[in-house]
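Following: one structure in structure tokens, then a few remarks.
Just so you know, all these numbers are worked out from the coordinates, no wet-lab data involved. Only a predicted model underlies this, so the values are computations on that prediction, with no experimental measurement involved. Please note: Cβ atoms are built from the backbone with ideal geometry, for glycine as well, and neighbour counts cover all protein chains shown.
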2 protein chains.
Amino acid sequence: MEKSEPLAFLEHDHSQCRQTALKCANNQGLRLTKWRQLVLDLLLEDHRSMGAYEILNRLECNGVKPQPPTAYRALDFLVEHGLAHRIEKLNAYVACARPDACQSAGFIICKECNIVAEVECSPSSPELLRVAANVGFDAESTVMEVEGICSNCQNGN
Amino acid sequence: MEKSEPLAFLEHDHSQCRQTALKCANNQGLRLTKWRQLVLDLLLEDHRSMGAYEILNRLECNGVKPQPPTAYRALDFLVEHGLAHRIEKLNAYVACARPDACQSAGFIICKECNIVAEVECSPSSPELLRVAANVGFDAESTVMEVEGICSNCQNGN
DNA sequence: ACAAATCTGTTATAATGTTACAATCCCGTT
DNA sequence: AACGGGATTGTAACATTATAACAGATTTGT
Ligand SMILES: [Zn+2]
Ligand SMILES: [Zn+2]
Ligand SMILES: [Zn+2]
Ligand SMILES: [Zn+2]
């Protein structure tokens, strides 16, 4: 599988995606506490994005349903450590599709099925970064998102 | 002034920006009703982004303070007709800096002073669009945002 | 003047995200 | 094993952003 294939929109063995992510999480020596683990599990179910409250509503451990801060803390942790990404256009979250090699990611978002494909690509348009650098701007993070309709949804699935 | 200069971070005659925008708005045969006009005026004060409620709080006409839908309707209208842009990273809005020639814009966002510079640039990273096209994705809109600290704010202004 | 379309007023509510502080758990040291 | 500091969780309240629904007013074209 090539590095910049939009896996999420292709037939693939998704259990591999899970495996890689979980292995990666463990290898980093992170403390994957119960809520973090559970949130990561939810996100890793597939390549759809989930809102914080969608996650929150599905979170549960021994009959205990946590409050909003619990979901946001876990999400912040996962995002901070590169195991998940925030999709600004959707105010939602996806599992990182390449936690082992995620430098700079862009996202292809289907507004029908909510699938989000992650693509490793150079940060932003070269023009934008060049222009920023030209005026001494210190760039810290970039958002690259393309929204539209995926091929499946165009064909009415 | 070159086309892809981040005007917002440069010394410039901002009254020109206003003029151009207002002229452009009128030329398009749009119905710039009072709220739309007032919201546009607020956005055109400078190149800072404003949240919908910041706008709402400052909106007022003959002593009448409108409700949220009024602000959102005006903003939706302005965005739809290219007179303003939504900044996804901030859930906020800026006046379009080049309403006369705005094809595809990226944004350079200072998290200190909230100034947002608009840069006319090719939509998204070429890689991202190519990859999307490769899988038959129908791209409708793209988000390109770079967040960081502007040169002014780095120097403690 | 009339009807249709657009815009506005108004109330209520939904969806998303944060603050603050106390209680608990984990981990390295004594 | 006891201790102490840092990280994590529990909990309640609250802040911010955005939309739904529907009635009334204004504008536009005929
Ligand atoms: Zn997968
Ligand atoms: Zn789709
Ligand atoms: Zn200006
Ligand atoms: Zn600044």
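Multiplying the residue separation of B:K23 and B:C113 by 0.36 nm and subtracting their alpha-carbon distance yields 29.6 nm.
Roughly how compact is the protein assembly as shown, stated as its Cα Rg over 2.2 N^0.38 Å to two decimals?
Values: Rg = 21.1 Å, N = 314, 2.2 N^0.38 = 19.6 Å.
Against the empirical 2.2 N^0.38 Å value, I get 1.08 for the protein assembly as shown.
Expressed per residue, the C-alpha convex hull volume of the range B:11-154 stands at 132 Å³.
State the dimensionless ratio Rg/Rh of the range B:1-48 (Rg: radius of gyration of Cα atoms; Rh: Kirkwood radius). Walk me through the numbers on the way to the answer.
On the way: Rg = 12.0 Å, Rh = 11.9 Å.
Over the Cα atoms of the range B:1-48, Rg/Rh equals 1.01.
For the range A:79-134, the normalised intensity computed at q = 0.22, 0.27 Å⁻¹ comes to -0.90, -1.10 (log10 of I(q)/I(0), Debye sum over alpha carbons, equal scatterers, no solvent).
The mean count of C-beta atoms from other chains within 10 Å of the C-beta of residues in A:83-93, rounded to a whole number, is 2. Once both labels are positioned 7 Å from their Cα atoms along Cα-to-Cβ, the gap between B:K34 and A:D13 label points is 6.7 nm.
Among the GluC sites (Glu not before Pro) in the range B:75-157, those placed in a DSSP loop whose Cβ has at most 16 other Cβ atoms within 10 Å are B:E112. Projecting label points 7 angstrom from Cα along Cα→Cβ for A:S122 and B:R48 puts them 3.5 nm apart. Averaged over the residues of B:144-154, the number of partner chain Cβ atoms lying within 10 Å of the residue Cβ comes to 6.
Rounded to whole Å, the principal axis extents of the Cα atoms in the range A:22-71 read 29, 24, 18, largest first. Rounded, prolate or oblate: which fits the range B:18-101 when a ≥ b ≥ c are the square roots of the eigenvalues of the alpha-carbon gyration tensor, with rounded for a/c under 1.5 and prolate only if a/b beats b/c? Oblate, since a/c reaches 1.5 and b/c is not below a/b.
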